[in-house]
2 protein chains.
Amino acid sequence: MSKAADRAYHFIRGEILSGAMTPGEQLREETLAEACGVSRTPVREAMRKLEAENLIQRSDSQRSFVATLSVDDIAESFALRAMLEGHAAARATDRIKPGQLATLFDHNAAIRDAVARETPDIAAFIEHNRGFHTVVTDAAGSERLTRLLASIVEQPVVLRTARRYDRAQLERSAAEHEELVVAFRHRDPDWAKAVMIGHIRRAFHVYSDALTAPPRDPKTP
Amino acid sequence: MSKAADRAYHFIRGEILSGAMTPGEQLREETLAEACGVSRTPVREAMRKLEAENLIQRSDSQRSFVATLSVDDIAESFALRAMLEGHAAARATDRIKPGQLATLFDHNAAIRDAVARETPDIAAFIEHNRGFHTVVTDAAGSERLTRLLASIVEQPVVLRTARRYDRAQLERSAAEHEELVVAFRHRDPDWAKAVMIGHIRRAFHVYSDALTAPPRDPKTP
DNA sequence: TGCGGCTTCATTGTATACAAAGCTGCTATA
DNA sequence: TATAGCAGCTTTGTATACAATGAAGCCGCA
């Protein structure tokens, strides 16, 4: 995407992911255009792209809103993600290059660091977790798969999920990443796939359990 | 999509699917705008959508071309399709409504008709095949899944595949559809999934075999 | 007071003009 | 003759003005 459209895209996406715009809130082209200093044309383009990525939904009368995800939506999105990332892991197994394996290792070292701190650094965890998964997806070497995954992985959900993790779960997550690397080293696609699917399904259940039992509150015993 | 953009979308898509525009051919916004009597703005929107659907590819300098699919691309797209449509069939199993089951039945009756003719009516076969699969996907009741599948199922490939089918294969295809309906009636998601995956993987191999052994030629003994 | 229809306003869709970025082919030079 | 660099042309990107469409509030009537 070119300069203005790209800028609009990142601006809007940022607003949504950071929570500055809340789910259900209406997005007006004019307002957004002013907010990021471009005209409506590139804003429209950015919005169409975000719509394709399910971050924006449109009403039947063509108005745009920050997407609100139902529980069922989220369950479905985790299911698809597990399937596709599992497939990606299997494909990556005999395509991944030594350099990429090294990068995976580095990301996970950073994750271990973030988790080991007195109060875990969730932001760093999320960043390197994302980096790790991106490398795996790229290593699968399918442009189509990469795009599909981009349109499924709801970063707001990933974020909220990570925030629910306690230290043990964060460590468990890092351990699963390590197991995936070992599976790659052994060139075992079935193993890689199984690890990845388990990894994502566990994340789903942490997320979904949290919906029934809201976040830990210091005041609650 | 609104009127002009929608028109542009269907026009361009039609040109590509019908073969009027050949793979690798460049698409110019101005030319297309004139060809379907709208301005460049809606044409650009349509092109972005078609790009998301992999019917159009863009060069690094932002020029657009009718997509050329490598063998690997196609193999990957069949793999993804089998996975996702298999999932859709499983989900559809306990969501499909009686009316939809009836529609499936009707489509398949039409397919049987098309196949039974002296020279099978491939156009009708394709139309009702598409209808059948669409009903299954819809019955799965996931907007996200529907969109994902739309961006994967390459109609040009489906078309070419169907043209490779001989009568036995066309009948086999109809039989598989019938088996899927039976699986639905028995509310057996695993069965439905297995049938769907087999159905698509078989199509893949017909397509891929045809690449090594070109179409049957009357002149060849 | 409740409701149907109208008016007005807010918002999105489309066309067009201009700007920017690439490609092409020429010319000048070694 | 080969090639670097420039000039002009093609194509895409962005801004802006205007058109169309849908939403919200208002008024009059029952």
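Read-outs: derived from the displayed coordinates by stated rules, not from any lab. In this text, all values refer to a predicted model and were calculated from it rather than measured experimentally. Neighbour counts are summed over all protein chains in view; Cβ atoms, including those assigned to glycine, are modelled from backbone coordinates with ideal geometry.
Please list the non-local residues whose amide H lies under 5 Å from the amide H of B:Leu27, H modeled 1.01 Å from N, same-chain partners needing a gap of 5 or more.
Amide H to amide H, under 5 Å and 5 or more residues apart or across chains, B:Leu27 pairs with B:Ser64, B:Phe65, B:Val66.
Given the convex hull of the Cα atoms of region A:3-66, what is a quarter of its surface area in nm²?
3.8
Mind listing the label-point distances from A:Ser61 to the same position on all other copies, shortest first, one decimal in nm, points 7 Å along Cα→Cβ?
4.6
Taking the Cα atoms only, what angle lies between the long axis of helix B:167-185 and the longest principal axis of chain B, rounded to 10 degrees?
For B:167-185 against chain B, the angle is about 70 degrees.
With θ set to phi - 60° and the Karplus curve 6.51 cos²θ - 1.76 cosθ + 1.60, what are the ³J(HN,Hα) couplings of region A:55-70 in order, to the nearest whole Hz, using x for Gly and Pro?
Taking θ as phi minus 60°, the curve returns 8, 10, 10, 10, 6, 5, 9, 6, 7, 10, 9, 4, 4, 10, 9, 6 Hz for region A:55-70.
Using θ = phi - 60° and the Karplus relation 6.51 cos²θ - 1.76 cosθ + 1.60, list the HN-Hα couplings for region B:29-35 in order, rounded to whole Hz, with x at every Gly or Pro.
Once θ is set to phi - 60°, the couplings for region B:29-35 become 4, 4, 4, 5, 4, 4, 4 Hz.
What is the ratio of the Cα radius of gyration of chain A to 2.2 N^0.38 Å, where N is its residue count, to two decimals?
So the Cα radius of gyration is 1.09 times the expected 2.2 N^0.38 Å.
Top mean-square fluctuation among A:Gln155, A:Gln26, A:Gln57, Gaussian network model of chain A, C-alpha springs under 10 Å?
Fluctuation is largest for A:Gln26.
Mind sorting A:Val136, B:Val115, A:Val71 by how few other Cβ atoms lie within 10 Å of their own Cβ, fewest first?
Least crowded to most crowded, the residues run A:Val71, B:Val115, A:Val136.
Quick check: the angle from helix A:189-212's long axis to the longest principal axis of chain A, C-alpha only, nearest 10 degrees?
Around 60 degrees separate the two axes.
Shape call for region B:50-140 from the C-alpha gyration tensor, a ≥ b ≥ c root eigenvalues: rounded (a/c under 1.5), prolate (a/b greater than b/c) or oblate?
Oblate.
What translational D, rounded to a whole number of µm²/s, comes out for region A:70-196 from Stokes-Einstein when the hydrodynamic radius is the Kirkwood one over Cα pairs, at 25 °C and 0.890 mPa s?
It diffuses with D of about 166 µm²/s by this estimate.
Could you tell me the distance between the Cα centroids of region A:87-102 and region B:54-88, to the nearest Å?
If you average the Cα positions of each part, the centres end up 21 Å apart.
Just to check I understand the Karplus step: with θ = phi - 60° and J = 6.51 cos²θ - 1.76 cosθ + 1.60, what whole-Hz values come out for region A:2-19, glycine and proline as x?
Karplus-based 3J(HN,Hα) across region A:2-19 equals 7, 3, 5, 5, 5, 4, 4, 4, 5, 4, 4, 4, x, 4, 5, 5, 6, x Hz.
For chain B, calculate the relative contact order in percent as a whole number, restricting contacts to Cα pairs under 8 Å that are 6 or more residues apart.
Dividing the mean separation by the residue count of chain B yields 23 percent.
Using the 7 Å Cα-to-Cβ label point, sort the distances from A:Gly19 to its equivalents in the other copies shortest first and give them in nm to one decimal.
5.7
Along Cα→Cβ at 7 Å, what distances in nm separate the B:Ala210 label point from those on the other copies, shortest first?
Between copies, matching label points for B:Ala210 lie 4.9 nm apart.
Please give the helix A:98-116 orientation as an angle from the longest Cα principal axis of chain A, in degrees from 0 to 90, rounded to the nearest 10.
80
Binned at 10 Å from 0, what are the whole-percent values of the Cα-Cα distance distribution for the protein assembly as shown, short to long?
4, 18, 27, 28, 17, 6, 1, 0, 0
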